[in-house]
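None of the figures in this text is laboratory data; all of them are computed from the coordinates on show. Bear in mind the structure is a predicted one, so any value in this text is a computation, not a measurement. Neighbour counts run over all protein chains shown; Cβ positions are idealised from the backbone, glycine included.
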Amino acid sequence: MGWENHPVRDVLQRVVQESKISVDQVRELERFVREDWVIDKDEAKFLFRVNKALDECEDVCPEWAQFFVTSISRLVVLDMNSPGEIDPAEGDWLADMLNEFSIDNESERKLVFELQKTTSSIGGKLGQWIQSFE
């Protein structure tokens, strides 16, 4: 079953509409990811949209941040083209996502920290942005 028809898409849309997420919803998302262990850019963009919607939520479960960081990291760090690093195209894409959906919340800060910790290099606009803070 593809992403477009998968029931988890309904879960994500409900989270966006309600601006809240539960531990059970995060676990459902994790089960979806484990089906093929692949996160593509469309799915990742939706996760950024969810993260932005959760900015209005006063009580975001900590499992969300971990799921968000793991999922986005898997896409840009564990890919076949540049494993262990973020190449310039990935860095540009990720910087664009952060720019479009950024809310500077805990999930995003954890993501950037995790990427710095687990990659040998970060290229593109994201690498330039990180270097501007060092």
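Considering amide H positions built from the backbone, and no H for Pro or chain starts, which residues 5 or more places from I122, or on another chain, come under 5 Å of its amide H?
I86
By how many nm would the segment from C57 to K41 grow when fully extended, if each residue of separation counts as 0.36 nm and the alpha-carbon distance is taken off?
Net length gain for the segment: 3.3 nm.
Picking from S19, S107, S82, which is most flexible by a Gaussian network model of the chain using Cα springs under 10 Å?
Sorting by GNM fluctuation, first place goes to S82.
Between K117 and D10, what is the spin-label point distance in nm, taking each point 7 Å from the Cα along the Cα→C-beta axis?
In this crude label model, K117 to D10 measures out at 3.6 nm.
How much mean residue ellipticity at 222 nm does the chain get from its helices, if each DSSP H run of length 4 or more adds -39500 (n - 2.57) and you divide by all residues, to the nearest 500 deg cm²/dmol?
-21000 deg cm²/dmol
Can you sort W64, W93 from fewest to most other Cβ atoms within 10 Å of each residue's own Cβ?
By the 10 Å Cβ count, ascending: W93, W64.
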